[in-house]
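Below: one structure, written as structure tokens.
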Amino acid sequence: MMLRAQKAFETVDKAYKLLLDGEQKKRALDVIQAGKEYMEHTVKEWKKQLKKEENVEEDDPELFKQAVNKQTMKFFAELEIKRKERETKEMHKRK
């Protein structure tokens, strides 16, 4: 249990330190904005597919916020996967 708490603290501390860097903070905010814009576009497309202005679940502000958070997490996860792949590739090049 203590190991998980320590790892969680280190992760939050690392994220906090990244956000202190202006460039890293801007990148994070850009990803969050992209998640919001993606969900706005997606909801608009869903409405078109329904061919009527009936309520889509994500019209509810709370459900929309949850969808934005979910999409933003996906974007951050994709960026992290790409970063790790890049690091692995660079490590293999050095050998």
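The values are calculated or read from the model by the stated rules, or taken from the named source; none is laboratory data. The structure displayed is predicted, hence computed values, not measured ones. Using ideal geometry, Cβ is built from the backbone for each residue, glycine included, and neighbour counts are taken over all protein chains shown.
Quick notes on this structure:
- Taking each residue of the stretch 68-82 that is at pLDDT 90 or above and hydrophobic (A, V, I, L, M, F, W, C) and looking for partners that are exposed (fewer than 13 other Cβ atoms within 10 Å of the Cβ) and not in a helix (DSSP H, G or I) with beta-carbon atoms closer than 8 Å, six or more apart or interchain, yields nothing.
- Of all residues in the stretch 20-34, those satisfying the criterion of being in a helix (DSSP H, G or I) and either surrounded by 13 or more Cβ atoms within 10 Å (Cβ to Cβ) or among the charged types (D, E, K, R) (or both) are Glu23, Gln24, Lys25, Lys26, Arg27, Ala28, Asp30, Val31, Ile32, Ala34.
- Selection status of Glu37, modelled with pLDDT of 90 or more and either over 15 Å from the mean Cα position of the chain (by Cα) or surrounded by 13 or more Cβ atoms within 10 Å (Cβ to Cβ) (or both): no
- Residue list for the stretch 29-49, filter: of a type outside the set (S, T, N, Q), within 17 Å of Phe76 (Cα to Cα) and without any contact (Cβ under 8 Å) to a residue 40 or more places away in the chain: Leu29, Asp30, Lys36, Glu37, Tyr38, Met39
- The numbered conditions (1) modelled with pLDDT of 90 or more; (2) surrounded by 13 or more Cβ atoms within 10 Å (Cβ to Cβ); (3) of a type outside the set (Ser, Thr, Tyr); (4) farther than 20 Å from Leu19 by Cβ are all true for Glu85 except (2).
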